[in-house]
Amino acid sequence: MLDALAAQLHRSLGLLHKQDIQLIAKHLPNSPSPFPPGDDCAVIPDGEGYLLLAAEGMMPFLVEREPWFAGWCAVMVNVSDIYAMGGRPIAVVDTLWSSSPDQSQRLLEGMQAAAHTYQVPIVGGHTNGHSPYNALSVAILGRATHLLTSFAAQPGDRLLMAIDLRGKMHPQYPFWNAATNADPVRLRADLALLPHLAEAQWCRAGKDISNGGTIGTLLMLLETSGCGAILNLDRIPIPPDVALEQWLVCFPSYGFLLSVPAEHGAAVKTLFADRHLVCADIGEITASSQLLLHHQEASIVFWDLSEHPLTGFSPPPGIKDSPCI
C-alpha cells in the first residue's frame, strides 16, 4: 500500500511543478547573503528588521473558470507567505491581464474581498483590459522583526503541522477552504501566531503548505535546510471523509510545517490549540538527505535530495551559523 501511495505522490502535479523551479535556481546568482533565494519571501535587511517581498501567479484554469475565487486566492496565498516567515503584511500590488471588463470585475472583486478580510490594502499594479488571454499575479510587501526561514531546520527538531480543519474541500480542486466563510477577525488572529512564534524564538524554521501539498512543502523545507526527515503519515491530522492520498497533495488556506526544537514542542502545540487550531507532531528532522515515510508499520524512502533535487535551492555554506537565523 505504501509503495502505491508513494508512486501516486511522485506523479502529482504539485511535485512536478516544484521541479520546474530548478531552471530559476540555475539562473539566480549565488550570493554570500545570509538570506539566499529559495524561501517563501525574499528577505531585505532594513534597519533593525526585515522587509519581505513575495509574488504569486494564479493558475490559468482558475482565472478562467472561477475569477472571483482566483482573485481571493491571489491575495490569500501572498499573505500566508508573509506570515510563514514571521512577518506581517503591509500592502499588495497586482498585475491583471483580461480580455473583457466582466472578467476583470470578478477578479478585482475577489481580490478586494480578501484584502478587506486580511486588512492588507491593494495599493497599485498594472492592468491590461485588451489582452488575448486572462491572467493574474499579485505581489506583496511585509515586515518582520524576527524571521522564520526555510534554511534553519536542524536534525533532532520535531516536525509539527499546524492546520485549520474548520473548512471543506473545493469540489474541483485540491484546495481546503477554511477562509472565505470564516470570521475575518479570527483569521487574522490565527495568522498572527506565526510572528509570535518567531519573536518568542520557539520555532527554528517554517513554511506554509503550498500547492505542492504537505509532501512537496516538506521537501522544499528539507532541501533548503540540507536535512532529511521521518514523516509519520499516521499522525497527520486529516479532515473526515478526505482520503490520505488527496490530503497529502492538498493546498490548505491555513497550513504550516514547523521545525521546532523538542523543548518548545509542547508550548507551540498549546499556542495553536488555544485558538482551536490543530497542531500535531508528525515526525522528526534528521541529518540525512532522505525523506522517509512511515505508514501502518511500513516505511519507504520517498525521496533522496542528494540524488534528486526538487527546486535546486540548497543551503549555502555557513548559513546556519548566521547570527540572523
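The values are calculated or read from the model by the stated rules, or taken from the named source; none is laboratory data. On a predicted model such as this, the values are computed, not experimentally measured, just so you know. When we count neighbours, we look across all protein chains shown, and the Cβ atoms used for this are built from the backbone with ideal geometry, even at glycine.
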Which of the residues that make up region 137-182 are under 16 Å from the mean Cα position of the chain (by Cα) and hydroxyl-bearing (Ser, Thr, Tyr)? Thr149, Ser150
In the set Thr217, Thr270, which member is hydroxyl-bearing (Ser, Thr, Tyr) and either under 21 Å from Tyr118 (Cβ atoms) or crowded, with 20+ Cβ neighbours inside 10 Å (or both)? Thr217
Please count how many residues of region 110-127 are closer than 15 Å to Val63 by Cβ and either polar (S, T, N, Q) or outside the structural domain of Trp68 (by TED's automatic domain parsing) (or both). 1
For region 273-316, what are the residues that are acidic (Asp, Glu) and surrounded by fewer than 17 Cβ atoms within 10 Å (Cβ to Cβ)? Asp274, Glu297, Asp304, Glu307
Region 76-109: number of residues that are under 13 Å from Asn128 (Cβ atoms) and either β-branched (Val, Ile, Thr) or assigned by TED's automatic domain parsing to the domain that holds Leu193 (or both): 1
Yes/no for Ile215 being within 30 Å of Ser299 (Cβ to Cβ), free of Cβ contacts under 8 Å to residues at least 60 places away in the same chain and of a type in the set (Val, Ile, Thr): no
Of the conditions (1) at positive phi; (2) loosely packed, with under 15 Cβ neighbours inside 10 Å, His116 satisfies every one except a single condition; which number is it? (1)
Among the residues of region 282-318, what is the count of those that are more than 25 Å from Lys18 (Cα to Cα) and acidic (Asp, Glu)? 1
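This table checks each residue for (1) under 20 Å from the mean Cα position of the chain (by Cα); (2) modelled with pLDDT under 95; (3) small (Gly, Ala, Ser).
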{"site": "Leu5", "(1), (2), (3)": "no, yes, no"}
{"site": "His10", "(1), (2), (3)": "yes, yes, no"}
{"site": "Gln19", "(1), (2), (3)": "yes, yes, no"}
{"site": "Ser33", "(1), (2), (3)": "no, yes, yes"}
{"site": "Gly47", "(1), (2), (3)": "no, yes, yes"}
{"site": "Tyr50", "(1), (2), (3)": "yes, no, no"}
{"site": "Leu53", "(1), (2), (3)": "yes, no, no"}
{"site": "Val75", "(1), (2), (3)": "yes, no, no"}
Can you go through Gly87, Gly110, Gly124 and tell me which one is surrounded by fewer than 19 Cβ atoms within 10 Å (Cβ to Cβ) and either within 23 Å of Leu221 (Cβ to Cβ) or not hydrophobic (A, V, I, L, M, F, W, C) (or both)? Gly124
If I ask for residues that are closer than 26 Å to Glu223 by Cα, in contact with a Cys (Cβ under 8 Å, 6 or more places away or on another chain), in a helix (DSSP H, G or I) and not charged (D, E, K, R), which ones from region 264-296 would you list? His264, Val268
Is it fair to say Ile215 is β-branched (Val, Ile, Thr) and either under 16 Å from the mean Cα position of the chain (by Cα) or farther than 24 Å from Leu147 by Cβ (or both)? yes
Selection from region 122-155 of residues that are closer than 15 Å to Ala54 by Cα and in a loop (DSSP other than H, G, I, E, B): Leu147, Leu148, Thr149, Ser150
With the requirement that a residue be at pLDDT below 95 and either under 21 Å from the mean Cα position of the chain (by Cα) or β-branched (Val, Ile, Thr) (or both), what does region 117-134 give you? Thr127
Of the residues in region 184-231, how many are over 24 Å from Pro89 (Cβ atoms) and not in a helix (DSSP H, G or I)? 6
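Quick grid of which residues meet (1) touching a helix residue (DSSP H, G or I) at 6+ places or on another chain (Cβ under 6 Å); (2) at pLDDT 95 or above; (3) of a type in the set (Val, Ile, Thr); (4) on the phi < 0 side of the Ramachandran plot:
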residue	(1), (2), (3), (4)
Thr95	no, yes, yes, yes
Ser104	no, no, no, yes
His146	yes, yes, no, yes
Thr149	no, no, yes, yes
Ala153	yes, yes, no, yes
Take the residues of region 151-181 that are over 23 Å from Val249 (Cα atoms) and of a type in the set (Gly, Ala, Ser): which is surrounded by the fewest Cβ atoms within 10 Å (Cβ to Cβ)? Gly156
Assess whether Val138 counts as being at pLDDT 95 or above, buried (at least 23 other Cβ atoms within 10 Å of the Cβ), touching a Pro at 6+ places or on another chain (Cβ under 6 Å) and β-branched (Val, Ile, Thr). no
